[in-house]
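For reference, the structure discussed in these notes is given below.
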Amino acid sequence: MRCPSCNSLDTQVKDSRPTEDSAVIRRRRVCMACNFRFTTFERVQLRELTVIKRNGRRVPFDRDKLVRSLQISLRKRPVEPERVEKMVSAIVRELESGGESEISSETIGEIVMEHLRQLDDVAYVRFASVYRNFREAKDFEAVLGELSGDDDTRPVSLRK
């Protein structure tokens, strides 16, 4: 592992331990050249995934990009980081075990929305507004209708 401080390849593992769900190994390392200490995380990768964008471009799947987009959707929401990490791991496992090495960005978006819907309604609506490219208020009304399970999302007037 290359040292992030001096770029030396001479590093040594000082401590290894699994995370709570045992899906990731956390390793404390030290650089033998400059004594800089840093942490790395090791996780199983079943296959290399390629994302097919809407414009047809193909790019390697980036787990960190997925995490960043979820963090934006979950900003200022009462969701523990451990739950987000478990959700990301579940999404990646689902993608990797799907049998395809090339996955459309639409498929990824739908899977993310399924998981967000179970985790936090506000984050789900935020993600959907960007993913589905909302243009009008009625787009929000449609998603809120999905969440409530009603076809009619208009407020009901009370009779006197």
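Of the numbered conditions (1) part of a loop (DSSP other than H, G, I, E, B); (2) open to solvent by less than 60 Å² (accessible area, probe 1.4 Å); (3) touching a residue at least 12 places away in the same chain (Cβ under 8 Å), residue 69 satisfies every one except a single condition; which is it?
(1)
On the given criteria, is residue 117 open to solvent by 60 Å² or more (accessible area, probe 1.4 Å), modelled with pLDDT under 90 and not in a loop (DSSP other than H, G, I, E, B)?
For residue 117, the condition - open to solvent by 60 Å² or more (accessible area, probe 1.4 Å), modelled with pLDDT under 90 and not in a loop (DSSP other than H, G, I, E, B) - is met.
Against the condition in contact with a strand residue (DSSP E or B) (Cβ under 8 Å, 6 or more places away or on another chain), of a type in the set (Phe, Trp, Tyr) and within 20 Å of residue 98 (Cα to Cα), how does residue 61 come out, does it pass?
Spelling it out, residue 61 is indeed in contact with a strand residue (DSSP E or B) (Cβ under 8 Å, 6 or more places away or on another chain), of a type in the set (Phe, Trp, Tyr) and within 20 Å of residue 98 (Cα to Cα).
For residue 40, work out the one condition from (1) in a strand (DSSP E or B); (2) among the hydroxyl-bearing types (Ser, Thr, Tyr); (3) open to solvent by 80 Å² or more (accessible area, probe 1.4 Å) it doesn't fulfil.
(3)
Could you give every pair whose Cβ atoms fall below 8 Å, whose first residue belongs to segment 14-37 and is under 20 Å from residue 80 (Cβ atoms), and whose second residue is open to solvent by 60 Å² or more (accessible area, probe 1.4 Å) and aliphatic (A, V, I, L, M), counting only separations of at least 6 or pairs across chains?
Close Cβ pairs (under 8 Å, with a partner that is open to solvent by 60 Å² or more (accessible area, probe 1.4 Å) and aliphatic (A, V, I, L, M)) amount to 23/44.
The values are calculated or read from the model by the stated rules, or taken from the named source; none is laboratory data. From a predicted model like this one, the values you see are computed outputs, not experimental measurements. Virtual Cβ from ideal backbone geometry, glycine too; neighbours counted across all protein chains shown. The protein model used for the area step is the full one, side chains on, heavy atoms only, and it has no ligands, DNA or RNA in it. Shrake-Rupley method; radii C 1.70, N 1.55, O 1.52, S 1.80 Å.
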